[in-house]
1. Using modelled amide H (1.01 Å from N, peptide plane; none on Pro or chain starts), what sits under 5 Å from the amide H of residue 335, excluding residues fewer than 5 places away?
2. What are the semi-axes of the equivalent ellipsoid for segment 180-250, taken as the square roots of 5 times the Cα gyration tensor eigenvalues, largest first, in whole Å?
3. So how far apart, in nm, are the two label points at residue 249 and residue 263 if each is 7 Å from Cα heading toward Cβ?
4. By average Cβ neighbour count within 10 Å, what is the ranking of 182-189, 284-291 from highest down?
5. Quick one: if you stick a label point 7 Å off each Cα along the C-beta vector at residue 309 and residue 487, how many nm between them?
6. Could you derive backbone 3J(HN,Hα) for segment 358-374 from the dihedral phi with the Karplus parameters 6.51, -1.76 and 1.60 (θ = phi - 60°), listing whole Hz in sequence and x where the residue is Gly or Pro?
7. Using only the alpha-carbon atoms of segment 237-277 as identical scatterers, what base-10 log of I(q)/I(0) does the Debye formula give at q = 0.29, 0.31, 0.35 Å⁻¹?
8. Need the full-extension length gain, residue 454 to residue 369, defined as separation in residues times 0.36 nm minus the C-alpha distance. One decimal, nm.
Amino acid sequence: MEFSGNLLILEKDAKKRQSLETIFTFLGLACQNGDVNDCISYFDSEQSNVDYCILGDVDNLDYEDFIANHADTAFLLCTDKVNHDFANCHNLMGTISQDPNYDEIISLLHYCQSFRTMRKVSKKQGNGAKALIKMLIGQGKAISEVRALIEQVSKTDASVLILGESGTGKEVVARAIHELSNRSDKAFVPVNCGAIPAELLESELFGHEKGAFTGAITSHEGRFEMAQGGTIFLDEIGDMPLQMQVKLLRVLQERQFERVGSNKPIKADVRVIAATHQNLEKMVSENTFREDLYYRLNVFPILTPPLRDRTDDIPLLVQELVNRHTKGQKVTIKFTQRAMLQLMQCQWPGNVRELSNLVERLLILHPNEIVDVGDLPVNYRGGKLEDDPFAERMALLDNFSVPLPGDEIQEDFDVEEEDNKPISLPPLPIIEGENDMAEAFMPTLTPEGINLKDMVSNIEINMIKQALVQSNGVVAKASEILGLRRTTLVEKMKKYGITANCNA
């Protein structure tokens, strides 16, 4: 993944500056660094063109004021010697740890680049811009268009209708609109119209007076009153009964309502955002949704894209979800390049919600481990691993290479399925040193060619047998020697007909 833009590094330690420059130049940024005072003078000049700035250890600098005075630049902190809360610094996108890893840097740069595309969402909106960037993860065209629409409509009080499949983040979009609006200091009140019984929905929305109906022993404030001055979010509006649709239409037209059991009008100073996964136009034609209400709500429609249409955003989404779940579970996971590519091939009928559930499940199953294709649930690998020659070959090859971020899978080649039986090739010699091992795994390709599947399988058989010999047949110890889980090693031994005493 490559980024673009101009980065200024403010750090008094030359060695640390050089280290940071190496990292960020590798990722595509044009880095500038040098004497701190010269860099600050350049930053404050009219000729400067700084998109991002890393603030490290700088003497006699008021960090909070410096960040606030350069509101159009995205900042990253790289120091543990500053004690500020930075609550008003909406352009501070995060902190680089003292020993950063690739995923951390990529996430922070994504926040910075998203901020760069949204500079117009500026000073008066405060933390709203930062909240929007972190809520709407992605760099693809589809999600960028959604962000642009949010920016346009948030400045108005127009009604918004958010359409899209379940799990695409419709409530996230609604919250982003509220956060970036002039109503952000007031309440955001969500209501799931499909989760409240029809006979209680009117009371929930508009409130009721004491004695209005059996069981109404006290007065009750409705959701519209709770949202006064702010935003009410009517989720699953397509599930609202027709009788309630009439009453909602009246509120939207007259901007006032009455509690159940009262004739006293209450002003509705509320912005209405509605959402549904249903086809409202079809429901209108079938007379299950009022046409006049549909057009009253559909002032500014926003379509949230399904995850299958934004697969390029999956790596960023996965990393953000891992970061969020890690805070609660206190463990983390990493994905091999093959596993990430496999996730990008899935259809995701449950969209981002489904992806979030999968990440949480994998954190429970494989805490602090590297997740490969074989560790994914079967329905996320496109079938059983043993039934997929390509997935089987990739899993075998992964035992002999450590996946690094940015690894590329080369063009595929055909492999014929064969019976699952031990391969009768001459055993490889026992390897003593790492250099010899590397040479053994790098055979010379003859003009006649080789059977790559047989060769890789033979290597695996040989290594398993050597590990079992070294561990005196203790499978758990052999799995540690090979860097495999015990269950994985047991499966491979069954596959090749290998027993713990290596007599097979």
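1. It is 371, by chain and number.
2. Details: eigenvalues 96, 56, 18 Å².
Output for segment 180-250: semi-axes of 22, 17, 10 Å.
3. 2.4 nm
4. Numbers: 182-189: 17.0, 284-291: 14.1.
The most tightly packed comes first, giving 182-189, 284-291.
5. In this crude spin-label approximation the distance works out to 3.8 nm.
6. 3J(HN,Hα) across segment 358-374, in whole Hz: 5, 4, 5, 5, 5, 5, 6, 6, 10, x, 6, 10, 9, 8, 10, 3, x.
7. Once normalised to I(0) and log-transformed, intensities are -1.12, -1.16, -1.20.
8. That pair, residue 454 and residue 369, stretches by 27.7 nm at full extension.
The values are calculated or read from the model by the stated rules, or taken from the named source; none is laboratory data. Nothing here was measured: the structure is a model prediction, and the numbers come from that model. Positions of Cβ are backbone-derived with ideal geometry, glycine not excepted, and every protein chain shown enters the neighbour counts. We work out accessible area using only protein heavy atoms, side chains counted, and drop any ligands, DNA or RNA first. Shrake-Rupley method; radii C 1.70, N 1.55, O 1.52, S 1.80 Å.
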